[in-house]
Amino acid sequence: MSTKEPILSVRDMRVEFKIKKQNALPWHQPDILRAVKGVSFDLAEGETLGIVGESGCGKSTLARAIIRMIPSQGGEVFWQGRDLMKMNEKDLLGIRKEIQMIFQDPLASLNPRLTAGQIIAEPLKTHHPNTSKDEVKKQVRELMEKVGLSARMINRYPHEFSGGQCQRIGIARALITNPKLIICDEPVSALDVSVQAQVVNLLMDLQKELGLSLLFIAHDLSVVKHISNRIMVLEFGDIAEIGEAHDVIHNPQSPYTKELINAVPIPDPIAERKRIAERRALEAKA
Amino acid sequence: MMVDVQKMEQLADNLAAQEEVVGRSLFADARRRFFKNKAAVVSLILLCGVFLFSTFGHMIAVWSNEEIDWGILGQIAELGAPSIENGHYFGADELGRDLFARVVQGTQISLMVGIIGALIAVVVGTLYGAIAGYSGGKVDNVMMRIVDILQSIPYMFVLILLLVVFGRSIFMLFVGIGLISWLDMSRIARGQTLTLKNKEFVEAAIATGVKPITIILRHIVPNLLGVVVVYSTLLVPQMILTESFISFLGLGVQEPNTSWGAMIAEGAGTMQYGTLWQLAFPMFFFIITLFSFFFIGDGLRDALDPKDR
Ligand SMILES: Nc1ncnc2c1ncn2[C@@H]1O[C@H](COP(=O)(O)OP(=O)(O)O)[C@@H](O)[C@H]1O
Ligand SMILES: [Mg+2]
């Protein structure tokens, strides 16, 4: 993986939020929340990087800052060699076509007033406004079948779908512009366990078929280790650890990662036994 | 020619299976709930009646609204009472004109002022509020301070001043009412936009690079529709009331035009001569319409927000 030229390089990304106290007077200095504190990583073509960390550790903020949905206070993002942070709006629009996003809450990420077809077609209409109506419809129907939805449902509204189906609509919307990278911000966290596996498998199949790169964000390791080539562990906006998925899971270096792993039920008897022994040892020490 | 019946049937089945399923929009759900609300449905029927009356009433009328019935002039209290025989269904007014035709005319004008006034307020207010809320930051601040300033002006005073300075006309009335009526709407729209702005479907649109104006028109405004519809059903009677009040003061609609407010004023002025019908009929339509709008607004609010009951 590392031999390939990275498709996305993030260098020293920093994001801060100014938090105004309630009833603050205009000249009071706001508190500064450092949500992302200098994160750097590379992502190769066709690779999946899992980003794990507790809720509130800055995963979503990092993802949003990378695609310039929110301003960042420093850092560079190279997309195929070009610095996104110095790009003008017009060039950025071209990049937005190549980087798409999938969101955590499947229902909330779909406009309740639009039909599934209209929702999926939106990125296409944004980037190729001259596409004929029939062509748009044809592509939408194809994609719906591809993500495992019946194309007959094209005129249905989001509230008529289940959570898993809504997430499939979100995936279809992300795919319609033929992106190279999809940022998945906790795409399965809000779904039932049985549905989680289906969606993760769908993403893996699509990735293989289309050669996508994925940034896969989750708050627990069990989901991420399944799909990722490499894993980055975030701890309060800092990288606790980054490495090959297998190494991070089976030979974690940072105490934070070990804690995360211990929080996850592992369906692997040998590892499980080792984990219990480790915990006993820790308790004995304490 | 032989047709393979079985194959045709199969084809028909397949076609049926491929047919797209029609989705049930949120509004379809709301409509169903609305029609379960009896008060709202009755109000809707009454309101439709008032509308029909205002559009087709002149066809039933025997007299036109300008004709003077010389036969009863001067004896209105004795001869001008409502009657089927002489064609004055609602009686006659002080000048011997047919009150039925006059009420039709007044209804048209009052409804027009109400609906057009509310429409301006809703369109301007919603767009203004949505733009302010979505833009946020300094733009929002400046836009909403302007609303604050406009709202702090005693508007009845300004409206009366406008009518006195620029002359009394329906157009001036529209300008005056239109100038202030959108302020509340813009506040409501802005508040809603602030919550909508952080929804993930708006983020999704931003992430794909949809233009801000498209996001406002496609993602924000349609989701404001529930609030807007409810508010506008309350705004129409408010507009009608304002117009009536101004006309009651004698500053609004001028002869030969008339409105409910103007007619109620006339009717109230002649009450002591025993011509109560001159007050009763315009009052009846005025009250029916206001109540209908309020009940419909109530029904819509319940229908659009089922959690809030
Ligand atoms: N727009 C914002 N303004 C202020 N603080 C924010 C904002 N967005 C996120 N934060 C804060 O930044 C931190 C990281 O949030 P987030 O990236 O959403 O975490 P995660 O996605 O890992 O759960 C949290 O403490 C959150 O409260
Ligand atoms: Mg998050």
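Magnitude of the Cβ-charge dipole of region B:44-178, K/R +1 and D/E -1, about the Cα centre, nearest 20 debye?
760 debye
Please give every one of the lysines within straight-line cross-link reach of B:Lys36, meaning a C-alpha to C-alpha distance under 27 Å, and leave out same-chain neighbours fewer than 8 residues apart.
B:Lys307
So what are the ³J(HN,Hα) numbers for region A:169-175, from phi and the Karplus equation (6.51, -1.76, 1.60; θ = phi - 60°), rounded to whole Hz, Gly and Pro as x?
4, x, 5, 4, 4, 6, 8
Per-residue mean of other chain beta-carbon atoms within 10 angstrom of the beta-carbon, peptide B:192-201?
Rounded to a whole number, the mean comes out at 4.
In chain B, which helices (entire DSSP H runs) extend 27 Å or more along their own long axis, judged by Cα positions, while averaging at least 1.6 on the Kyte-Doolittle scale?
B:38-60
Rounded, prolate or oblate: pick one for region B:107-156, where a ≥ b ≥ c are the square roots of the eigenvalues of its C-alpha gyration tensor, a/c under 1.5 means rounded, and failing that, prolate if a/b is larger than b/c, else oblate.
oblate
Across all directions of projection, what mean area in square nanometres is found for the Cα convex hull of the protein assembly as shown?
43.8 nm²
Using Cα centres only, tell me the gap between region A:208-250 and region A:166-182 in whole Å.
20 Å
Please give the average number of partner chain Cβ atoms lying within 10 Å of the Cβ of each residue in A:110-119, rounded to a whole number.
Rounded to a whole number, the mean comes out at 5.
Going down the table (A:Lys20/A:Lys225; A:Lys138/A:Lys208; A:Lys137/B:Lys38; A:Lys97/A:Lys225), which pairs top 31 Å between alpha carbons?
Pairs exceeding the cut-off: A:Lys20/A:Lys225; A:Lys137/B:Lys38.
What's the total accessible area buried between chains B and A, using a 1.4 Å probe, rounded to the nearest 100 Å²?
Result for this pair: about 2700 Å² buried.
How many angstrom lie between the C-alpha centres of region B:154-214 and region A:70-108?
Taking the Cα centre of region A:70-108 as reference, the centre of region B:154-214 is 34 Å away.
For the pair A:Phe78/A:Phe17, report the inter-label distance in nm, with labels modelled 7 Å from Cα in the Cβ direction.
3.1 nm
Mind ordering B:289-298, A:16-25 by average Cβ neighbours within 10 Å, highest first?
Highest mean packing first, the order is B:289-298, A:16-25.
Specify whether the C-alpha gyration tensor of chain B places it in the rounded, prolate or oblate class, a ≥ b ≥ c being the square roots of the eigenvalues: rounded for a/c under 1.5, otherwise prolate if a/b is larger than b/c and oblate if not.
It is oblate, given that a/c is not under 1.5 and a/b is not larger than b/c.
Keeping all protein chains in the complex and leaving out DNA, RNA and ligands, what accessible area do you get for B:Tyr155 with a 1.4 Å probe, in Å² to the nearest 10?
80 Å²
Just the number, please: Stokes-Einstein D of region A:1-112 in µm²/s, Kirkwood Rh from C-alpha pairs, 37 °C, 0.692 mPa s.
It comes out at roughly 205 µm²/s.
Counting only Cα, what are the radius of gyration and maximum Cα-Cα distance Dmax of chain A, in Å?
Gyration radius and largest Cα-Cα distance of chain A: 20.4, 70 Å.
Compute the Cα gyration tensor for region A:105-178, then decide on rounded, prolate or oblate, letting a ≥ b ≥ c be the square roots of its eigenvalues: rounded whenever a/c is under 1.5, prolate when a/b is larger than b/c in the other cases, and oblate in all that remain.
prolate
So what is log10(I(q)/I(0)) for region A:137-281 at q = 0.11, 0.20, 0.21 1/Å, when the Debye sum runs over its Cα atoms only?
At q = 0.11, 0.20, 0.21 Å⁻¹ the computed log10 ratios are -0.51, -1.22, -1.30.
The values are calculated or read from the model by the stated rules, or taken from the named source; none is laboratory data. Values in this document were obtained by computation on a predicted structure and should not be read as measured data. Cβ atoms come from the backbone with ideal geometry, glycine included; neighbour counts cover every protein chain shown. Areas reflect the complete protein model, heavy atoms only, side chains present, ligands, DNA and RNA absent. Shrake-Rupley method; radii C 1.70, N 1.55, O 1.52, S 1.80 Å.
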